[in-house]
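Trainee: Dropping a structure here in structure tokens format, bear with me for questions.
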Amino acid sequence: MTVSRRALILGAGAAGLAEALPLRRSYAEPATKEYRIAAKSATVNLTGKGHPDTAVWTYEGTVPGPELRVRQGEPVRITVANKLDEDTTVHWHGIRLPNAMDGVPGLTQKPIRPGDSFVYEFTPPDAGTFWYHPHADTLQQLGRGLAGSLIVEETEPVAVDRDLVWFIGDWRLDDQGQIAGGFGNRMEAGMSGRIGNTVTINGRVRGAVSVKAGERVRLRLINAALARIVGLRFEGHKPVVVAHDGQPCDPYQPEDGRVVLGPAMRADVMLDMTGKPGQTYRVIDDFYNDLSYKLADLAYDPGKPAREPLSEPPPKLPANPLPEPDLAAAERHEIALQGGMMGGMGMMSGGGMMRGMGMMGGDGATWAMNGMAMTGDGQPDMPPLFTIQRGKSCVLAVRNETAWWHPMHLHGHSFRVISRNGKPNPRREWRDTVLVPPRESADLAFVADHPGDWMFHCHVTDHQETGMMGVIRIT
Ligand code: C2O
Ligand code: CU
């Protein structure tokens, strides 16, 4: 499925010349990595042997879709064919790329019609853990399975025994094991969004994940849920977080050992297998009070350890070439998150008039930013929240005035979380999605370095689609 451009060129035109022409090792441009992925329906088994198969929407027939592995700084070309019965697009979540490759229908490209395809081309500047998903009818397309991981490898690989991806999906299945309808339920949209009842790792409800005593695993966690926030605890282990949303941070052990990921968020975790051979340790998700469950077991091989436990702590990952915001000169822009239900008591007043865009059939918006609600997945001519000049530094001062959690995502940029609730954030980590708890605030700093119209929205898809979406224009 992955074809290098050179192989294509040689294969297509050079049949008779292959012997005469020596291979040129010093080809001027680096080989472009090529992928072709088709969005199409399929049937898969999510819940294990003895349980019914589930009809899903997929990339290439699998959930998650194919893992795309590319190299930092090397060009990639991905042709997406639409074999669904409705329009789609693909958004390369977290990748800093040209606006025209960002996959927002109406705003950055025309939607891909059924039967058509679209070629995405970009060169990922940053190594790290990213993912891809549709940005059209997102509730349903993501909720039915369209998503996959996009791993950008460091130019110098980091020394670990194994590199594992846990692509976490959340599904709402009915008694027959089929995806329940009712996408876009208004009540739910005004609350936590569509949280499912079946959580998978790499497309399967997991029993055991086999590990060996002594090994160091780089675990790439991706929360691809529509709405579910996870808080993962690795019993008997001490996870060390080395990256958020693909961007390296100073390695640290999270408070109370729990790795919290809102929808769309990722963490790279170094996990030293310090358990005993033959033993089993649980991985628990206990983000929601009283609803904790076992996500998986770490099942230790009973044989002898892979190695003596490592004594040195996990190293810091090599830094990505992110432009450093100039805080003294930064423009500050306030963004108030508004709306939603308050414990089922009705809509919160948005603190101002909600001007709706693209509302249909009197079906009003539920959420807003700065009094303005834009609904759906992206639209042409969205008025920007604000406009900023390319190269300028910017602080987004996000204030959550609602009773709900919001993972806020900025397209095409990573930002430093410089403060929370008015207090400096000592870690100042880079992210592309920040989870803002109810009534709390976060200041996000970044350099506006790619021109275009960039989405800033909540990644609880119901929230995004019912108004918590806006655009930042970089000129
Ligand atoms: Cu992953 Cu606009 O989103
Ligand atoms: Cu939200």
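Trainee: List C394, C458, C249 from most exposed to least, where exposure is judged by having the fewest other Cβ atoms within 10 Å.
Mentor: Working: C394 22, C458 32, C249 19.
Lowest count first: C249, C394, C458.
Trainee: Averaging sequence separations of C-alpha pairs under 8 Å and six or more residues apart, then dividing by the length of the chain, give the relative contact order as a whole percent. Spell out each step's value before the answer.
Mentor: Working: 1296 pairs, mean separation 64.7, N = 475.
Value for the chain: 14 percent.
Trainee: Right, next: Under the 0.36 nm per residue contour assumption, what length would be gained going from the current alpha-carbon distance of D175 and E188 to full extension? Could the numbers behind the result be given before it?
Mentor: Working: separation 13, 0.36 × 13 = 4.68 nm, distance 2.04 nm.
Full-extension gain reported as 2.6 nm.
Trainee: Per DSSP H run of at least 4 residues, take -39500 (n - 2.57); add these up for the chain, divide by its residues and hand me the 222 nm value, nearest 500 deg cm²/dmol. Walk me through the numbers on the way to the answer.
Mentor: Numbers: 4 runs with 24 residues, N = 475.
The helix-only estimate for the chain comes to -1000 deg cm²/dmol at 222 nm.
Trainee: Any idea what the dipole of segment 121-186 comes to, in debye rounded to 20, about its Cα centre with Lys/Arg Cβ at +1 and Asp/Glu Cβ at -1?
Mentor: Working: 4 positive and 11 negative charges, 96 e Å.
Charge dipole of segment 121-186: 460 debye, to the nearest 20.
Trainee: Give, as a single signed number, the net charge of other residues whose beta carbon lies under 10 Å from the beta carbon of R258, with Lys and Arg counted +1 and Asp and Glu -1.
Mentor: On the way: positive: R233; negative: E255, D256, D285, D286.
Once positives and negatives cancel, what remains is -3.
Trainee: Could you give the size of the charge dipole of segment 236-280 about its Cα centre, using +1 on the Cβ of each K and R and -1 on the Cβ of each D and E, expressed in debye and rounded to the nearest 20? Don't jump to the answer; show the numbers that get you there.
Mentor: Details: 4 positive and 6 negative charges, 43 e Å.
Roughly 200 debye for segment 236-280.
Trainee: Oh, and also: Between segment 242-282 and segment 414-455, what's the alpha-carbon centroid distance in Å?
Mentor: 21
Trainee: Would you mind working out the magnitude of the charge dipole of the chain relative to its Cα centre, with +1 at each Lys and Arg C-beta and -1 at each Asp and Glu C-beta, to the nearest 20 Debye?
Mentor: On the way: 50 positive and 55 negative charges, 119 e Å.
About 580 debye.
Trainee: Could I ask something else about it? Which one, L327, A299, P313, is farthest towards the positive end of the dipole of segment 296-347 when Lys and Arg carry +1 and Asp and Glu -1 on their Cβ?
Mentor: It is A299.
Trainee: Loop by DSSP (not H, G, I, E, B), at most 10 other beta-carbon atoms within 10 Å: where is the longest site-free stretch of the chain for trypsin sites (Lys or Arg not before Pro)? Write down the numbers at each step before the final one.
Mentor: Numbers: sites that count: R24, R25, K49.
Looking at the chain, 50-475 is the longest stretch - no exposed trypsin sites (Lys or Arg not before Pro) with at most 10 other Cβ atoms within 10 Å.
Trainee: Further question: Among G169, V217, F183, pick out the residue whose Cα is farthest towards the positive end of the charge dipole of the chain, where Lys and Arg carry +1 and Asp and Glu carry -1 on C-beta, about the Cα centre.
Mentor: V217
Trainee: For the charge dipole of the chain, defined by +1 on Lys and Arg C-beta atoms and -1 on Asp and Glu C-beta atoms about the Cα centroid, which residue among T123, S192, T366 has the Cα displaced farthest towards the positive pole?
Mentor: Going by the Cα projections, it comes out as T123.
Trainee: Over 30 Å between Cα atoms: which of K40/K212; K276/K423; K392/K423; K276/K316; K83/K392 fall into that group? Could you put the intermediate results ahead of the total?
Mentor: Details: K40/K212 37 Å; K276/K423 42 Å; K392/K423 24 Å; K276/K316 27 Å; K83/K392 41 Å.
Listed pairs above 30 Å: K40/K212; K276/K423; K83/K392.
Throughout, read-outs are computed from the coordinates displayed, never taken from laboratory work. Keep in mind the model is a prediction, meaning the values are calculated, not measured. Note: ideal-geometry Cβ built from the backbone for every residue, glycine included; neighbour counts use all protein chains shown.
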